[in-house]
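J.: Below you will find the structure I want to go over with you.
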Amino acid sequence: MNAKKTVEDLKVTGQRVLVRCDFNVPIKNGVITDETRIVAALPTIKYLLEQNAKVILCSHMGKPKGNPLPEYSLAPVAVRLSEKLGKNVVFAADDEVVGENAKAAVAAMQDGDVVLLQNTRYRPEETKNVEAFSKDLASLADLFVNDAFGAAHRAHCSTVGVASFVKESANGYLMAKEVKFLGDAVNNPVRPFVCILGGAKVADKLNVIANLLTKADTLIIGGGMAYTFLKAQGYSIGTSLVDNEKLDYCRDMLAKAKENGVKLLLPVDTVCAASFPNPIDAEIETITVDSTAIPEDMMGLDIGPKTRELFANEVLGAKTVVWNGPMGVFENPTLAAGTIAVAKAMAETDATTIIGGGDSAAAVNTLGFGSKMSHISTGGGASLEYLEGIDLPGIAAMTDR
Ligand code: ATP
């Protein structure tokens, strides 16, 4: 993919700049419970304000599916953003997003003002990338900046369509940072390059595994997805999570690893229980066994101590580490040791450490290791597609340098 313009390549002073942010923050009873994504959007907004641009912000929140549902309103984001910026953010509360309020608010803007539009997914056209809504959005602005990495794998009006109807478009700072860390790690890693995949299902990460086997020196597979690999090698896995349709795929990947000289590591021991904890954080009785000896009536729910050491040593010997997906049912304190061991090793090493968003980001932050990582991606789905080697449409649509 060609190099794309970044916000600093645009002449923004006095211009109306539409910025697509990822303000998809969790809200409970009208209160924002995690402001990470708002904070992550600030560098681009502040830069544009310093340059005296007219800053028009837009974002989706949740899945209102084309309906103006009040619980998905971005109004609380405007309030929090005003506090963070120390200046008034005008909220244009239009059910049709680009309506009378938005048009009037933009028409009244002075240089250095900020307007936030309503949730772009209030419009049914948004997720279908329908031209009419892209043109509506573009009618408010001269330039477009995409800073929503978390939505960059979606070709929607506010991430892709709008770029065709403005003079120029560019990546914001957050987007550029994500592209730099994930792009450098995958395409130009300082070696040894170790990738760690976990989480529930093999099927979710088929293409990621295939692509990483052409890039990584070591691929570590833990979490629920490991059992399909173990079964594919002929081991009995009891009642552990398995995808019987992917056994051949796993065998292919094991062969490919050998062919490419990639070290593929699977758990050598496993923490098992009689059933999945219910509720997920309920007290649970476990035993630890070798991964080749999981009892018929038990399921593997975390990696065992030998595996923790094996995986941690691999991390400590690496120069670049990318991690996506927990090593066990980390939501349960008894089954979190594997995820903690990997997070701890990543926190201790001076390698470049990258967390691929979603559950792994939540786990690392909850466990208190967040500040020790080189980069925690703000996009779970987008970072996975990046690891798959896909050109994200929300980046591809920006103006070439
Ligand atoms: P994201 O793409 O959002 O980063 P992820 O890959 O981290 O997601 P999932 O694939 O949904 O997330 O997997 C995370 C879930 O996997 C966790 O809720 C965890 O409890 C579960 N999990 C991990 N190990 C096991 C296991 N051995 N058996 C069953 N579930 C497991």
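Read-outs throughout are calculated quantities, based only on the coordinates presented, and are distinct from any laboratory measurement. Since the structure is predicted, the reported quantities are computational estimates derived from the model, not experimental observations. A quick note on method: Cβ atoms are made from the backbone with ideal geometry, for glycine too, and the neighbour counts reach across all protein chains shown.
J.: Based on the alpha carbon coordinates of segment 77-153, what radius of gyration and maximum Cα-Cα distance (Dmax) apply, in Å?
T.: Gyration radius and largest Cα-Cα distance of segment 77-153: 12.9, 36 Å.
J.: Where does the chain land at 222 nm, in deg cm²/dmol rounded to the nearest 500, when only DSSP H runs of n ≥ 4 count, each adding -39500 (n - 2.57), divided by all residues?
T.: Working: 13 runs with 131 residues, N = 401.
Result for the chain, helices only: -9500 deg cm²/dmol.
J.: Angle between the Cα long axis of helix 173-187 and the longest principal axis of the chain, 0 to 90 degrees, nearest 10?
T.: 30 degrees
J.: Straight-line reach from Lys46: which aspartates and glutamates have Cα under 15 Å away, leaving out those fewer than 8 places along the same chain?
T.: Partners within reach: Glu8, Glu83, Asp111, Asp113, Asp147.
J.: Starting from the Cα of Ser236, step 7 Å along the direction of its Cβ; do the same at Glu348; then give the gap between the two resulting points in nm.
T.: Here the answer is 3.6 nm between the modelled labels.
J.: Just to be sure I understand the model, the point goes 7 Å from the Cα along the line to the Cβ. What's the resulting Ala293 to Lys306 distance in nm?
T.: 0.9 nm
J.: Give the cross-link partners of Lys372 among the lysines, using a straight C-alpha distance below 20 Å as the criterion and excluding same-chain residues fewer than 8 apart.
T.: Lys177, Lys180, Lys319, Lys344
J.: Then there's this: If you project the alpha carbons of the chain onto the principal axes, what extent comes out on each, in Å, largest first?
T.: For the chain, the Cα extents along the three principal axes come out at 70, 43, 37 Å.
J.: Ok, one more. For a quick check: sort Met225, Met1 by the number of other beta carbons within 10 angstrom, fewest at the front.
T.: Met1, Met225
J.: Work out which GluC sites (Glu not before Pro) in the chain are exposed loop sites (DSSP not H, G, I, E or B, at most 11 other Cβ within 10 Å) and give the longest gap free of them.
T.: 1-282
J.: On a straight-distance basis, which lysines could pair with Lys231 in a cross-link, Cα separation under 27 angstrom, same-chain partners fewer than 8 positions away excluded?
T.: The reachable lysines, counting only those whose Cα sits under 27 Å from Lys231, are Lys201, Lys205, Lys215, Lys246, Lys256, Lys258, Lys263, Lys306.
J.: Give, as a single signed number, the net charge of other residues whose beta carbon lies under 13 Å from the beta carbon of Asp9, with Lys and Arg counted +1 and Asp and Glu -1.
T.: +2
J.: Can you give me the angle between helix 247-260 and the longest principal axis of the chain, using Cα atoms only, in degrees from 0 to 90, rounded to the nearest 10?
T.: Result, in degrees: 90.
J.: So, one more: Calculate, in nm to one decimal, what Ile32 and Glu83 gain on full extension: separation in residues at 0.36 nm each, minus their alpha carbon distance.
T.: Stretched fully, the Ile32-Glu83 segment lengthens by 17.1 nm.
J.: Per residue, how big is the convex hull around the C-alpha atoms of segment 320-400? Give it to me in cubic angstrom, could you? Walk me through the numbers on the way to the answer.
T.: Details: hull volume 8.0 nm³, N = 81.
Taking only Cα atoms, segment 320-400 has a hull volume of 99 Å³ per residue.
J.: Please give the FRET efficiency for Asn313 paired with Asn52, using the beta carbon to beta carbon distance and R0 = 56 Å, rounded to the nearest 0.05.
T.: Once rounded, the FRET efficiency stands at 0.60.
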